[in-house]
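Structure, as structure tokens:
The values are calculated or read from the model by the stated rules, or taken from the named source; none is laboratory data. Computed from a predicted model, the values in this text were never measured in an experiment. Note: ideal-geometry Cβ built from the backbone for every residue, glycine included; neighbour counts use all protein chains shown.
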């Protein structure tokens, strides 16, 4: 069997190349990829491609099982997803331990299992007391999914923070009680050593992946509160350890590398989507054909008005 996949050929440029598809080995299966999310974590690779960087991308696919290797008992035609790399391709090979079955009733065009699982695992690891006052900094796809999950977590209030007006509008639609740019937060949002005990937030989720976002989170969280770092920080950062220490914070690295943990949280999040508790599909704002991967990354980099999440459409579900 031959199929096409996207290969980076130069900085900010790639092409579709046809190649032979190998049969799945033990514990593997073969997917016909239907769609794939465009992740900000891949943007540096796409923009700065060199001979030393991976030339293949894609790790947020949804697809149909078309073949299974020894030891895999999944019916052909099953709709699945997961952290499967590389998968900007018409056909992808996946390890079964990374694959989750998408529950019946979920539109395959409205589901992104891998990033959904990442956010759900981040929330699972973050202590959020019943009745907590919570702030989320950074309202991209991950931050907005976190708001949707928190809305179901028994919190008393949800503040969303981002400089972009359209992102703040999306936050209100995703369950935030208030949404503001950082420079319009009230004085009661900030906490220092002289602040009254009712200032600040019990939990602050930093989802911006930026130094200013991390600095702001440090200023907003209350003593003995939780600072959860969901943002993907791809360069070195400085932290105010003195303040973290004085505030006696619980600091959570909300990333996930363990495959079993990610899979379990993805399954849980998909159950919430199937039950109608969350709606990540409404956050997909831009769709591109497989021939336009470069345009999808360009949109991610420039963030045109209304942009939240881009998806590459690759195939169509079988009848």
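Observations
- The criterion of being part of a strand (DSSP E or B) and either under 17 Å from the mean Cα position of the chain (by Cα) or without any contact (Cβ under 8 Å) to a residue 24 or more places away in the chain (or both) holds for residue 81.
- In the range 85-99, the condition of being modelled with pLDDT of 95 or more, more than 17 Å from the chain's Cα centre (by Cα), closer than 24 Å to residue 253 by Cβ and not assigned by TED's automatic domain parsing to the domain that holds residue 272 is met by no residue.
- Options 275, 299; residue that is loosely packed, with under 15 Cβ neighbours inside 10 Å, assigned by TED's automatic domain parsing to the domain that holds residue 34 and within 23 Å of residue 174 (Cβ to Cβ): 275
- Verdict on residue 254 being in contact with a strand residue (DSSP E or B) (Cβ under 7 Å, 6 or more places away or on another chain) and within 23 Å of residue 33 (Cβ to Cβ): no
Yes/no per residue for (1) over 20 Å from the mean Cα position of the chain (by Cα); (2) assigned by TED's automatic domain parsing to the domain that holds residue 143; (3) surrounded by 13 or more Cβ atoms within 10 Å (Cβ to Cβ):
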{"position": "228", "(1), (2), (3)": "no, yes, yes"}
{"position": "234", "(1), (2), (3)": "no, yes, no"}
{"position": "238", "(1), (2), (3)": "yes, yes, no"}
{"position": "244", "(1), (2), (3)": "yes, yes, yes"}
{"position": "282", "(1), (2), (3)": "no, no, yes"}
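- Listed here are the helices (runs of 4 or more DSSP H) enclosed by the range 225-304 that have at least 3 residues being under 24 Å from residue 166 (Cβ atoms) and in contact with a helix residue (DSSP H, G or I) (Cβ under 7 Å, 6 or more places away or on another chain): 293-302.
Condition check ((1) assigned to a helix (DSSP H, G or I); (2) outside the structural domain of residue 59 (by TED's automatic domain parsing); (3) without any contact (Cβ under 8 Å) to a residue 24 or more places away in the chain) across all residues:
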| position | (1), (2), (3) |
| --- | --- |
| 103 | no, no, no |
| 106 | no, no, no |
| 119 | yes, yes, no |
| 122 | yes, yes, no |
| 131 | no, yes, no |
| 135 | no, yes, no |
| 139 | no, yes, no |
| 142 | yes, yes, no |
| 147 | yes, yes, no |
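- Qualifying residue in the range 43-61 (condition: in a helix (DSSP H, G or I), in contact with a helix residue (DSSP H, G or I) (Cβ under 9 Å, 6 or more places away or on another chain) and either under 22 Å from residue 116 (Cβ atoms) or outside the structural domain of residue 99 (by TED's automatic domain parsing) (or both)): yes
- Of the residues 55, 43, 31, the single one that is surrounded by fewer than 20 Cβ atoms within 10 Å (Cβ to Cβ), within 29 Å of residue 142 (Cβ to Cβ), in contact with a strand residue (DSSP E or B) (Cβ under 6 Å, 6 or more places away or on another chain) and in contact (Cβ under 8 Å) with a residue 40 or more places away in the chain is 55.
- Matching residues in the range 151-196 - criterion: being buried (at least 19 other Cβ atoms within 10 Å of the Cβ) and either in contact (Cβ under 8 Å) with a residue 60 or more places away in the chain or outside the structural domain of residue 136 (by TED's automatic domain parsing) (or both): 167, 170, 174
- Residue selected from the range 305-319 under the condition outside any strand (DSSP E or B) and under 18 Å from the mean Cα position of the chain (by Cα), by the criterion surrounded by the fewest Cβ atoms within 10 Å (Cβ to Cβ): 306
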